[in-house]
Amino acid sequence: MIRIGMLTSGGDCQALNAAMRGVVKCLDASGTQMEIYGFLNGYKGLINGDFKMLTPRDFSGLLTRGGTILGSSRVPFKTIHEPDEEGKDKVACMKQTYYKLQLDVLVVLGGNGSQKTANLLREEGLNIISLPKTIDNDLWGTDMTFGFQSAVDVATNAIDCIHTTADSHGRVFIVEVMGHKVGWLTLNAGIAGGADIILIPEIPYDIDKVIEAIERRATNGSRFTILAVAEGAISKEDAKLTKKEYKKKLSSYAFPSVSYEIADQIQKKTGREVRVTVPGHMQRGGVPDPYDRVFASRVGVEAGQLILNKEYGYMIAYKNREMVKVPLKEVAGKLKSLPKDASIIKEAKMLGICFGD
């Protein structure tokens, strides 16, 4: 009998259920007897001992279901050593729950912060296996994360829909795409949706360069311009500020987000009508696309194999089109940013896309 704990942590995405299903189906197909403890609402469930018992039957029909049947929440790693609202020692409580239930392994599905906490628990002696979940595709050590391709589909559809109304009214449209620290999602959706300008955190923009691109399109006969802007896009001026200075600026920021600031600057400098569209959490929602269904299933199976082999302390990753295991200690705390000299950026520029640099 194998006792397995499972939790989904951080922001949700479309293939969490599919990944958990992959783990359980792999173990069930091997004939393994198991007890599955599903911790509710991420690490909070592990801290509070809040869980529900699951059987393989509970994972039937989950391949196409978005969200997570376990619920999720954010327990920031930077406050992991601080008492929770009830005064509990979070790390001690998580360890206590693990040992009280006599778990053989804890399977964690999460992004950057969740991976750091998973690694901390590994260092504390718990058997951990983690799965790469994030729509941002910014986890170090893997070429792909589940949830990313589905989010690209949603963001691309938003840009597709904007094309017709932008053309009809002859407007400049800004579509704000999720991604505070990296631009993988914005870049891929921007290219797929035919955006004319793409602004991402890794390449600080010059607003005058952005306006030049808009005017150039108008001169060439285009009635509209579409910008795909990441939440974390930053101007060259702001990029020169220290973290403290930038934080101070944001504390008195006059706009809901950077997209609205860019829209305001374009309108004032050109007189053109600008509209902002924010798909927001739609990018996390809905059913997983076919790619994510396959990818999450493969990730789950590989995690199941590690459980069967009693190999712990790894994150399942995807490198060079193959599934591999990467030590959690090598993953935790590292961000996979988009290289400025990446071939996909060079190719996008060859398509005539402006990055404001």
key: Spin-label model distance (nm) - SER222 vs ASP28, 7 Å beyond Cα toward Cβ   = 5.0
query = Which order do peptides 19-32, 272-285, 123-136 fall in by mean Cβ count within 10 Å, highest first?
reply = 123-136, 19-32, 272-285
query = In sequence order, what are the phi-derived ³J(HN,Hα) couplings for the stretch 216-233 according to the Karplus relation 6.51 cos²θ - 1.76 cosθ + 1.60 with θ = phi - 60°, rounded to whole Hz, with x for glycine and proline?
reply = 5, 5, 5, 4, 7, x, 7, 7, 9, 9, 10, 10, 9, 10, 6, 3, x, 4
task = May I ask you to evaluate 6.51 cos²θ - 1.76 cosθ + 1.60, the Karplus curve with θ = phi - 60°, for each residue of the stretch 350-357 and list the ³J(HN,Hα) values in order in whole Hz, giving x for glycine and proline?
result = 5, 7, x, 6, 8, 10, x, 9
key: Residues of the stretch 12-42 with amide N under 20 Å of the 7 Å Cα→Cβ point at MET282   = 12-15
note = With all protein chains in place and a 1.4 Å probe, VAL154 shows an accessible area in Å² (nearest 10) of 40
remark   = Along the stretch 20-29, Karplus-curve 3J(HN,Hα) (6.51, -1.76, 1.60; θ = phi - 60°) to the nearest Hz, with x for Gly and Pro, reads 4, 4, x, 4, 5, 5, 4, 5, 5, 5
ask   = Taking amide hydrogens as modeled 1.01 Å from N in the peptide plane, which residues meet the under 5 Å criterion relative to GLU202, leaving out close sequence neighbours?
value = GLY183
request  = For the pairs LYS90/LYS334; LYS25/LYS52; LYS44/LYS319; LYS181/LYS336; LYS25/LYS329; LYS78/LYS100, note any where the Cα-Cα span goes beyond 20 Å.
outcome  = LYS90/LYS334; LYS44/LYS319; LYS25/LYS329; LYS78/LYS100
query = Amide H to amide H under 5 Å from SER130: which residues, 5+ apart in sequence or cross-chain, H placed 1.01 Å off N in plane?
reply = VAL108, TYR314, MET315, ILE316
remark   = Contour minus Cα-Cα span, TYR291 to THR270, at 0.36 nm per residue, comes to 3.4 nm
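The values are calculated or read from the model by the stated rules, or taken from the named source; none is laboratory data. As the structure is a computational prediction, the values presented were derived from the model and not from experiment. Quick reminder, even Gly has a Cβ in these numbers, built from the backbone with ideal geometry, and neighbours come from all protein chains shown. Surface accessibility is based on the protein's heavy atoms, side chains included, excluding ligands, DNA and RNA. Shrake-Rupley method; radii C 1.70, N 1.55, O 1.52, S 1.80 Å.
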